[in-house]
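See structure below.
Read the figures in this text as sums done on the coordinates, not as results from a lab. Just so we're clear, the structure is a prediction, and the values are computed from it rather than from any experiment. So basically every Cβ, Gly included, is an ideal-geometry build from the backbone, and we count neighbours across all protein chains shown.
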Amino acid sequence: MTRTVYVNGDWLPETEARISIFDRGFLMADAVYEVTSVLGGRLVDFDGHVRRLWRSLGELEIARPMDEAALLAMHRELVARNGIEEGMVYLQVTRGNPGDRSFLYPGPETKPGVVAFTQNVPNLADAPAAQAGFRVITIPDLRWARRDIKTVQLLYPSMGKMAAKKAGVDDAWFVEDGFVTEGTSNNAWIVVGNRVITRGLSEEILHGITRAAVIRFAREAQFEVEERAFSVTEAQAADEAFATAASIFVMPVVEIDGVKLGDGRPGPVVRRLREIYIEEMRRAAI
Ligand code: PLP
């Protein structure tokens with residue numbers, strides 16, 4: 001099916017969408033993005049994604065291309081036009097097209113560009129992968145040092161996903177100075193007894209919107225939440241592990257570098273947190 005996509009105010013069949021070769025998103029990865037999941041045809045945690053988008057744009061001094069109400073209306077129209085019940089909306093804001101290549105940021109006459117499209121994932125909530133859980137390898141974190149800005153600079157995460165695929169597993173976790181930073185496209189967690197542990201917020205990781213919600217839900221469900229770094233060894237000895245992102249919600253991780261956690265199947269804490277997350281988010285989606 002040909003999707004209808006959004007490009008700078010126009011609604012177009014995906015085959016007719018065009019971006020300039022001088023667009024800084026294309027030439028310099030000078031663009032930021034958000035991925036918002038859709039459940040029951042409604043947007044999950046949209047406010048959180050918009051807040052992070054404003055922050056990413058602010059850090060890069062890119063002007064806001066539209067206000068929150070316009071972004072919401074555009075997302076809703078995209079979901080409706082493409083008949084999405086479950087899936088994702090990908091939104092990208094680029095610094096725009098200054099008409100030539102230059103390292104310096106262009107002036108205010110260059111307007112930011114906005115592109116958005118949907119990805120239909122009919123079994124996002126009921127993902128088969130969540131039954132088995134992810135197996136992950138660890139690899140060095142060779143990304144730049146401002147991972148808190150959600151830029152489209154995704155080459156190293158792509159290399160990480162390919163390394164995982166070649167190793168016959170589902171994903172890779174990045175490691176720096178012996179500690180796990182995060183997954184290639186998700187935040188990393190472990191469970192020890194009644195404690196759920198995930199790295200604290202800094203410039204070293206993306207401030208996951210799913211992570212923030214799961215911290216809230218975990219506390220409400222009487223788990224202790226520790227925001228601190230953990231090592232690969234600690235993770236391999238943990239009772240359970242999981243990854244969070246808009247595209248996978250709460251995904252069990254059952255094996256790290258060939259070491260199975262527990263009996264190698266998703267444990268009770270991650271199953272519970274996934275259930276709570278999906279239930280609460282389905283209810284609160286807009
Ligand atoms: N960490 C990285 C590196 C990511 O790319 C992502 C999502 O794309 C996340 C964490 C999870 O963020 P969120 O929960 O907002 O999807």
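Cα centroid separation, the stretch 75-142 to the stretch 197-262: 23 Å. DSSP assigns beta bridges within the chain; of those with both partners inside it, close to 80 percent run antiparallel.
How tilted is helix 46-59 with respect to the longest principal axis of the chain? Cα atoms for both, answer in degrees (0 to 90, nearest 10). Taking Cα atoms only, the helix is inclined about 70 degrees.
Remark: spin-label model distance LEU155-ARG219 equals 4.0 nm, labels positioned 7 Å along the Cα→Cβ axis. Over all orientations, the stretch 128-284 has a Cα convex hull whose mean projected area works out to 8.6 square nanometres. Note on LYS150: lysines with a C-alpha under 27 Å away, same-chain residues under 8 apart excluded, are LYS111, LYS161, LYS165, LYS166. With everything on Cα atoms, drop me the angle between helix 268-284 and the longest principal axis of the chain, reported from 0 to 90° to the nearest 10. That works out to roughly 30 degrees. The calculated Kirkwood hydrodynamic radius for the stretch 1-131 is 15.6 Å, given to one decimal from all distinct C-alpha pairs.
On a 0 to 90 degree scale, rounded to 10, what angle separates helix 155-166 from the longest Cα axis of the chain? With both axes taken from Cα atoms, the answer is about 40 degrees. Averaged over residues, the count of other Cβ atoms within 10 Å places the peptides 100-112, 153-165, 176-188 in the sequence 176-188, 153-165, 100-112, highest first. Here the Gaussian network model covers the chain, with springs between Cα atoms less than 10 Å apart; of ILE21, ILE209, ILE84, ILE21 fluctuates the most. Here the Karplus relation 6.51 cos²θ - 1.76 cosθ + 1.60, evaluated at θ = phi - 60°, turns the backbone of the stretch 98-111 into coupling constants of x, x, 6, 9, 7, 6, 6, 5, x, x, x, 5, 8, 8 Hz, with x for every Gly and Pro. Secondary-structure-derived ellipticity at 222 nm for the chain, considering helices only, amounts to -9000 deg cm²/dmol, per-run term -39500 (n - 2.57) for DSSP H runs with n ≥ 4.
Taken over the C-alpha atoms, the stretch 209-286 has Rg and Dmax values of 12.9, 41 angstrom. What is the set of long-range amide H partners of VAL5 at a cut-off below 5 Å, with H atoms built 1.01 Å from backbone N? Here the answer is LEU12, GLU14, since their amide H atoms fall under 5 Å of that of VAL5.
Counting Lys and Arg as +1 and Asp and Glu as -1 over every other residue whose Cβ lies under 15 Å from the Cβ of ILE248, the net charge comes to -2.
Residue order for ASP45, ASP23, fewest other beta carbons within 10 angstrom first, comes to ASP23, ASP45. Per residue, the Cα convex hull of the chain amounts to 130 Å³.
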